[in-house]
Amino acid sequence: MTTESSPQVASPTPPPSKLPGLALASFQGGRGGNPLLNILAAAVVVLLVIGAYVYFGEKPPVAAGEVAHLTAYPVHRVSNSALEATPAAAKVEQTFDQIVVVAEVRLHNRSHGPLFLSDMSAVLSLPGEEQRSLAANPTDFNRVFVAYPDLVPIKQPPLLRDTTIPAGGSVEGELVFNYPITKQQWDLRRSLDITISFLHQKDLVLTAPQ
């Protein structure tokens with residue numbers, strides 16, 4: 001007896017497992033994103049770093065000061081010397097005008113080391129022009145009060161060049177400037193700024209009271 005074997009049925013092949021999906025880079029955390037936005041973000045970071053450096057690294061001024069008092073003394077002269085020498089000549093008057101400025105200045109050293117005073121000058125701003133005058137040296141300082149006795153009551157020791165201001169210390173003294181202008185021109189002034197120069201330090205500019 002022949003036994004027929006039943007045909008074998010092939011079992012179905014299981015479906016392949018699904019591959020995980022590709023992760024797309026997102027704007028929030030991926031490496032891609034908008035290049036322009038990335039550049040802007042980097043620029044903001046750089047600006048913040050620079051701002052912090054300037055804010056924390058900038059040193060305060062080493063000196064402070066003030067113009068405690070200001071005196072402007074007008075000088076007006078009329079010279080007739082040429083007329084007296086030649087009486088027959090045409091009568092021509094020669095006038096001389098100037099403003100002598102006496103400024104009482106106080107300076108304070110805010111640094112942790114000494115300050116060395118180098119020079120002093122003042123810029124007078126007038127309508128349409130500026131005039132600069134150096135502070136008188138000690139010899140000319142004394143001559144001013146001899147030539148103009150009316151100024152003697154306000155005379156004080158001068159503030160000298162090459163003065164050393166110790167750390168935390170203060171000095172004061174007078175500065176004398178002169179400008180070849182009339183009293184009317186002086187009355188129209190816009191400002192008088194006194195510049196104090198130090199060795200190896202920034203200048204200090206003091207605005208005189210009007």
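Do the conditions hold for V171, that is, is it closer than 15 Å to G65 by Cα and of a type outside the set (D, E, K, R)? Judged against the criteria, V171 is a match.
When segment 149-198 is filtered for residues that are of a type in the set (D, E, K, R) and touching a Pro at 6+ places or on another chain (Cβ under 6 Å), the ones remaining, listed by number, are E174, K183. Scanning segment 170-191 for residues being surrounded by fewer than 16 Cβ atoms within 10 Å (Cβ to Cβ) and either acidic (D, E) or more than 22 Å from the chain's Cα centre (by Cα) (or both) gives a total of 6.
Would you point out which residue out of V78, V100 is at pLDDT 90 or above and outside any loop (DSSP other than H, G, I, E, B)? Let's see the steps before the verdict.
Working: V78 fails: at pLDDT 90 or above.
Answer to the check: V100.
If you go through segment 127-145 and pick out every residue that is in contact with a strand residue (DSSP E or B) (Cβ under 9 Å, 6 or more places away or on another chain), closer than 13 Å to R190 by Cα and either open to solvent by less than 60 Å² (accessible area, probe 1.4 Å) or not in a strand (DSSP E or B) (or both), you end up with 1. Would you say L159 is open to solvent by less than 60 Å² (accessible area, probe 1.4 Å) and not charged (D, E, K, R)? Here the answer is yes, as L159 does meet what is asked.
The values are calculated or read from the model by the stated rules, or taken from the named source; none is laboratory data. Since the model is a prediction, treat every value here as computed from it, not as a measurement. Positions of Cβ are backbone-derived with ideal geometry, glycine not excepted, and every protein chain shown enters the neighbour counts. The accessibility values were calculated without ligands, DNA or RNA, using every heavy atom of the protein model including side chains. Shrake-Rupley method; radii C 1.70, N 1.55, O 1.52, S 1.80 Å.
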